[in-house]
Every structure is written in structure tokens, then in C-alpha cells.
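Novice: Here it is, the structure, as C-alpha cells.
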Amino acid sequence: MERSIETQVSQAVDAWLAWLPRWEPATHRGRVAPCRRCFGSPVLSSAGLGSDVPHGVQHGLSTRIKTIVDRAVAEYTSLNLPMLQAELDQQAARNRARSYRPTEGLDPEFEGLPLDPDPVPGAPFLFTISGLAEEAAVGIPDLPPLSEEAKAALRQEVGLADDYANMIGREVCTILLHHRLRIQAAVSEFVEPQIEAMLADLTRSLDAPFDPHDPREP
Ligand SMILES: [Zn+2]
């Protein structure tokens, strides 16, 4: 019996709550470009994790939720969209053939982050499989080209997958509204004190730019 979307979202929030006490502020300078998964994410605004919350905290939740949407779309595609499924299967076969796959098998907190610094600002986050499907279509030079008819049919299936992804996305957002209180309580307990401590440190170092007892200072 497939778990309902509601159960999956609840379990994803549980897993994020279990991870959150281990979160620490990043000590290095963050990347310049906004995260394409988190920036403007309707999932995060439904969860109440606004832009005042550090990105690492957001990313751990948005990735876990994205996994639920991706899984639902994958199931819908395999049942209803044979041409898109064939494209994705071909892409998956190509991926398996590569010996270096640095983006696979990562923890949710790291999954989906750029492997290298990315100076180009990203597009706002969307639930869409079309980007993936386009990559799949572009990245297979060895296959015979699709006829115009087949391309049109594939485009139609990509549109249906997009519609389905948007529907599931709206559903998870509605469900997340019911989890806002426990998400907010965890942020107050585990995130805010660390940010306040960091700000206090910063204030102290600004007040005392050098140590007056240091003999090297005049
Ligand atoms: Zn992110």
C-alpha cells in the first residue's frame, strides 16, 4: 500500500525535525547566487521558513519535500506517459554508464547544491519536470532523432507531467500549513539561539576591534 502524500509529508517533516538539532551556521561565506530549489519556494513559504531562516535550514526541508513530489511524478509518468518514460529511461541508462556521478547518494542537506560556485543568479524555484526532460532530450546524441509528430507527442506528455507536478506541489503546500507550528517551534529552539549568539559575537568584535592588552598595538 502506497503511503499517502499526507503521510509522506508528515514523515519528511519528522526527519527534518530529527536532523535540525545538528544544524550549525556555516562558517564560510555563502554562495552569491540564490539556491534554485529554495529561492522563492512555495513549499518553504507554506512551511513558514521564510528568507530570514538560514539557507541550510531551508534546504534540508525543501529537498525532502521535493523528493516526495518527484516520486509522485515518476509514478504518474510510468503509469500514464509512455513516451516521456522512454526518454527518462534512456537518460537513466546514460547516467548509469557514467563512472563519475558526484551528485548521487548525498544527504538531503547537500543534495541539489551546486558542486562548484555558481556566479549566475538562478531562476525561481518551480515544481517542473520539463527541465529534466529537456536535458534528457538534448543529452542523447546517439539516438535517432524524433519525428516532428513524436516530438509534439512528447511535448504534450511533458506538459501533462508538469501539470501533475504542480497539482502535487499545491497539495504538499496545503499539507505543510498544518505542520507550521512544530516547524516554527523547532526553529525557535535550535536555530534562533545560534543566530543570536553569532550576532552577539559580531557586536563584541565590532566594539573591540583590537585587544587593548596586545603589546603590538600602540
Ligand atoms: Zn536550497
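Novice: Answer yes if at least one residue in segment 20-27 is surrounded by 13 or more Cβ atoms within 10 Å (Cβ to Cβ) and either more than 16 Å from the ligand (Cβ to nearest atom) or modelled with pLDDT of 90 or more (or both), and no otherwise.
Specialist: Looking through segment 20-27, at least one residue is surrounded by 13 or more Cβ atoms within 10 Å (Cβ to Cβ) and either more than 16 Å from the ligand (Cβ to nearest atom) or modelled with pLDDT of 90 or more (or both).
Novice: Within segment 35-47, which residues are in contact with a Leu (Cβ under 8 Å, 6 or more places away or on another chain) and in contact (Cβ under 8 Å) with a residue 60 or more places away in the chain?
Specialist: Selection gives CYS35, CYS38, VAL43, SER46, ALA47.
Novice: Sticking with this structure for a sec: So for segment 3-18 (the condition being closer than 30 Å to ASP201 by Cα, modelled with pLDDT of 95 or more and either in a loop (DSSP other than H, G, I, E, B) or over 14 Å from the mean Cα position of the chain (by Cα) (or both)), does at least one residue qualify?
Specialist: yes
Novice: Among the residues of segment 35-88, which ones are within 13 Å of the ligand (Cβ to nearest atom), of a type in the set (A, V, I, L, M) and assigned to a loop (DSSP other than H, G, I, E, B)?
Specialist: Matches in segment 35-88: LEU49, VAL53.
The values are calculated or read from the model by the stated rules, or taken from the named source; none is laboratory data. This one's a predicted model, so the numbers in the text were calculated from it and none came from an experiment. Heads up, the Cβs are rebuilt from the backbone with ideal geometry, glycines too, and the neighbour counts pull from every protein chain shown.
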